[in-house]
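*Asks:* Once you've had a glance at the structure underneath, I'll fire off some questions.
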Amino acid sequence: MEHSANQITLRGNLSAPPTFSHENHSRQFYKFFLEVPRLSGAVDILPVIAEKALLESAELGDTGAVAITGQIRSHNVRSDGRRHLMIFVFASTLQCQEGEPVNEVSVEGYLCREPIFRRTPLGREICDVMLAVPRAFQRADYLPCILWGRTAQEASRCHTRDKIGITGRLQSRIYTKVTESGAEERTAYEISALTAQIPGDLD
């Protein structure tokens with residue numbers, strides 16, 4: 001494939017001012033959410049982490065339009081004794097930039113579990129896959145992806161350790177989780193595939 005193993009380009013609007021996230025090797029990182037409208041009118045609200053120096057060089061304000069390139073990352077966090085996969089965009093470039101919304105993702109990785117094929121009540125075919133996307137220092141990001149229609153059928157025939165390339169968009173989805181304390185509204189982040197390269201296409 002021509003693209004890198006993990007690449008995302010976004011253009012949208014800040015939903016709130018950046019807030020401090022963490023410090024690593026004396027570098028400070030900030031988190032904010034970017035609102036990126038879809039053609040349907042729905043809006044994806046995506047978490048972004050960027051180094052303080054990037055924010056300062058872009059002269060990022062409390063609101064406004066922002067263009068970002070970077071990677072989609074995953075991080076395991078523990079809460080209430082359980083592990084939870086946190087998905088976010090790690091920005092490598094950032095600038096204040098007006099224009100049409102952009103949400104373009106290109107990833108390539110290996111299935112780390114068997115695909116789950118299903119049909120919606122209206123008969124639409126969907127396949128859920130979890131991709132392990134290699135990163136530097138022998139690490140990997142674990143990214144949930146959704147494929148549709150004929151592409152979903154093809155992906156459903158794949159198996160763990162098969163290599164898949166996906167282009168699409170990163171989307172946010174609100175769902176209800178029933179817990180011991182009652183129903184909670186949560187947000188899931190996943191890559192919705194427009195095209196996919198299945199084993200055989202990548203050779």
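*Asks:* Considering only residues that are modelled with pLDDT under 95 and open to solvent by 70 Å² or more (accessible area, probe 1.4 Å), look in region 1-18 and name the one that is nearest to LEU60 (Cα to Cα).
*Replies:* GLU2
*Asks:* Is it fair to say VAL66 is β-branched (Val, Ile, Thr), surrounded by 11 or more Cβ atoms within 10 Å (Cβ to Cβ), closer than 19 Å to ILE174 by Cβ and touching a residue at least 40 places away in the same chain (Cβ under 8 Å)?
*Replies:* no
*Asks:* Continuing with this model, one more query. Can you name every residue in region 162-195 that is assigned to a loop (DSSP other than H, G, I, E, B) and either under 20 Å from THR9 (Cβ atoms) or at pLDDT 95 or above (or both)?
*Replies:* Matches in region 162-195: ASP162 only.
*Asks:* For region 149-175, what are the residues that are more than 20 Å from the chain's Cα centre (by Cα) and open to solvent by 40 Å² or more (accessible area, probe 1.4 Å)? Break it down into steps so the answer makes sense when it comes.
*Replies:* To start, the set of residues in region 149-175 that are more than 20 Å from the chain's Cα centre (by Cα) comprises 149-150, 153-154, 156-162.
Of everything in region 149-175, those that are more than 20 Å from the chain's Cα centre (by Cα) and open to solvent by 40 Å² or more (accessible area, probe 1.4 Å) turn out to be ARG150, GLN153, GLU154, SER156, ARG157, HIS159, THR160, ARG161, ASP162.
*Asks:* If you don't mind, there's one more thing I want to ask. Given the conditions (1) open to solvent by 70 Å² or more (accessible area, probe 1.4 Å); (2) in contact with a Lys or Arg (Cβ under 6 Å, 6 or more places away or on another chain), report the number of the one that ILE49 does not fulfil.
*Replies:* Result: ILE49 passes all but (1).
*Asks:* Considering (1) touching a residue at least 24 places away in the same chain (Cβ under 8 Å); (2) touching a Ser or Thr at 6+ places or on another chain (Cβ under 7 Å), say which one LYS163 fails and leave the rest.
*Replies:* It is condition (2) that LYS163 fails.
*Asks:* How many residues does region 77-93 contain that are out of contact with any Phe, Trp or Tyr (no Cβ under 8 Å at 6 or more places or on another chain) and among the aliphatic types (A, V, I, L, M)?
*Replies:* 4
*Asks:* Looking at the structure I just gave you, is GLN71 open to solvent by 70 Å² or more (accessible area, probe 1.4 Å) and within 15 Å of the chain's Cα centre (by Cα)? It would help to see each step written out before you state the result.
*Replies:* On the way: open to solvent by 70 Å² or more (accessible area, probe 1.4 Å): no; within 15 Å of the chain's Cα centre (by Cα): yes.
In short, no.
*Asks:* Go through (1) within 15 Å of the chain's Cα centre (by Cα); (2) open to solvent by 70 Å² or more (accessible area, probe 1.4 Å); (3) among the hydroxyl-bearing types (Ser, Thr, Tyr) one by one and return the number of the condition TYR110 breaks.
*Replies:* Evaluating TYR110 over (1) within 15 Å of the chain's Cα centre (by Cα); (2) open to solvent by 70 Å² or more (accessible area, probe 1.4 Å); (3) among the hydroxyl-bearing types (Ser, Thr, Tyr) leaves (1) as the failure.
*Asks:* While we're here: If ILE126 satisfies every condition in (1) of a type in the set (Val, Ile, Thr); (2) within 24 Å of LEU39 (Cα to Cα); (3) loosely packed, with under 12 Cβ neighbours inside 10 Å but one, which is the exception?
*Replies:* Here ILE126 clears every test but (3).
*Asks:* While we're here: Looking at (1) in contact (Cβ under 8 Å) with a residue 24 or more places away in the chain; (2) in contact with a Pro (Cβ under 7 Å, 6 or more places away or on another chain), which is the one condition that is false for PRO134?
*Replies:* Going through (1) in contact (Cβ under 8 Å) with a residue 24 or more places away in the chain; (2) in contact with a Pro (Cβ under 7 Å, 6 or more places away or on another chain) one by one, PRO134 breaks only (2).
The values are calculated or read from the model by the stated rules, or taken from the named source; none is laboratory data. Here the structure is a predicted model, which is why all the values come from computation and not from measurement. Cβ sites come from the backbone with ideal geometry, for glycine too, and all protein chains shown count toward neighbours. Heads up: the accessible areas ignore ligands, DNA and RNA and are worked out on the full protein's heavy atoms, side chains in. Shrake-Rupley method; radii C 1.70, N 1.55, O 1.52, S 1.80 Å.
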